[in-house]
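Every number here is computed from the coordinates shown, using simple stated rules; none is lab data. Just so we're clear, the structure is a prediction, and the values are computed from it rather than from any experiment. Note that we place each Cβ from the backbone using ideal geometry, even for glycine, and neighbour counts take in every protein chain shown.
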């Protein structure tokens, strides 16, 4: 398996874990998973970013959603 395919599977896995944490109301766990990706050197694609941003928005964390959106742009991730 090539590295990019491996990252794709990891992104899908993390996105599902993050989505589950957010749907369960565990913002802290979702944030921890999101940050762990960065520490593990797993590139966060637009799916992971938008999962986290949407979850923040759904939980009323509007300021955090905006900060993540801005950071996503600074990290060079496009929203499409």
Original post:
Can you give me the relative contact order of segment 3-74 as a percent, contacts being Cα pairs under 8 Å and 6 or more apart?
Top reply: 30 percent
**OP:** Please give the helix 62-74 orientation as an angle from the longest Cα principal axis of the chain, in degrees from 0 to 90, rounded to the nearest 10.
**Re:** 30 degrees
Original post:
How many nm is it between the label spots at residue 78 and residue 29, if each spot is 7 Å from the Cα in line with the beta carbon?
Top reply: 3.4 nm
Subject >> Mean ellipticity per residue at 222 nm, deg cm²/dmol - from DSSP H runs of n ≥ 4 across the chain, formula -39500 (n - 2.57) >> reply: -24500 deg cm²/dmol
Original post:
Which of these values of volume of the Cα convex hull per residue in Å³ was calculated from the structure shown: [x] 252; [y] 83; [z] 133?
Top reply: [y]
Subject >> Helix 27-39 axis, angle to the chain major axis (alpha carbon atoms, nearest 10°) >> reply: 30 degrees
Original post:
Cα axis of helix 3-23 to longest principal axis of the chain: angle in degrees, 0 to 90, nearest 10?
Top reply: 20 degrees
